[in-house]
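The block underneath contains the structure these notes are about, expressed in structure tokens.
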């Protein structure tokens, strides 16, 4: 497993002979149409600096669905084979067992349960937030001070800028650009390639459990409630700040300041020079 949240899991797998990442998302039937629309839009996006969405499908576990009907039939057979005092078990093969296995015993709950699988390209260096956490963009000097490493910072910054320029050319605003929405991949020549992960799917699923609701949003977006390209520009500035400072942006929830704060942004103490190595 590559990652997890309260309503999704990310696995590494193989699709058409290619190593991929598979996002498995739990949602209600009412979100299915919007989710399919968002995934359809994402699958049309083709750019080196945007995470490629390859395929998606949904499994209906309700008793009225094909998978649910199979489960129900197997359940009835298993109940007949077991004594009233023992707990019956059920196999969902060849379909995956649902993330919430309690629906196998609760048909009513299963009616409101769907799982969508989204296949996307696998980025072998993880997320930008993970790279920030391990200090990939800063170097600690012998005197205890630290300095930013400009080469990887510029590689990532230029990649994110190119990806966002492409999204804006397709009339798409991200609206939540932050380190967790940028994935990193190593190119054939060893250079670091940044790829933007569109946030449309996360918003539809309401899966902001992994970060603050305001971490990647500009103050104007929060107060206005609508998206414009310059909102992404401000969020991009926060990303640059985080890579140079080697820590969370002062506008993120983890720093104790909301995205709407207007204090001047100062770098943490200890940064005394810039490294070009």
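Within segment 149-160, the set of residues being surrounded by fewer than 19 Cβ atoms within 10 Å (Cβ to Cβ) and either in contact with a strand residue (DSSP E or B) (Cβ under 9 Å, 6 or more places away or on another chain) or part of a loop (DSSP other than H, G, I, E, B) (or both) comprises 150, 151, 152, 155, 157, 158. Looking at 107, 98, 84, 94, just one residue is over 24 Å from residue 236 (Cβ atoms), at pLDDT below 85 and either under 23 Å from the mean Cα position of the chain (by Cα) or not assigned by TED's automatic domain parsing to the domain that holds residue 39 (or both), and that residue is 98.
Looking for something closer than 24 Å to residue 172 by Cα and without any contact (Cβ under 8 Å) to a residue 24 or more places away in the chain - is there at least one such residue anywhere in segment 15-34? Yes. If the condition is being part of a loop (DSSP other than H, G, I, E, B) and closer than 17 Å to residue 100 by Cα, then segment 1-20 contributes 1, 5, 6, 7.
Here's the yes/no breakdown for (1) at pLDDT 85 or above; (2) buried (at least 17 other Cβ atoms within 10 Å of the Cβ):
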site	(1), (2)
24	yes, yes
29	yes, no
41	yes, no
48	yes, no
60	no, yes
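The values are calculated or read from the model by the stated rules, or taken from the named source; none is laboratory data. For clarity, every value in this text was computed on a predicted model and none was experimentally measured. Because the Cβ atoms are built from the backbone with ideal geometry, glycine has one as well, and the counts that use them run over all protein chains shown.
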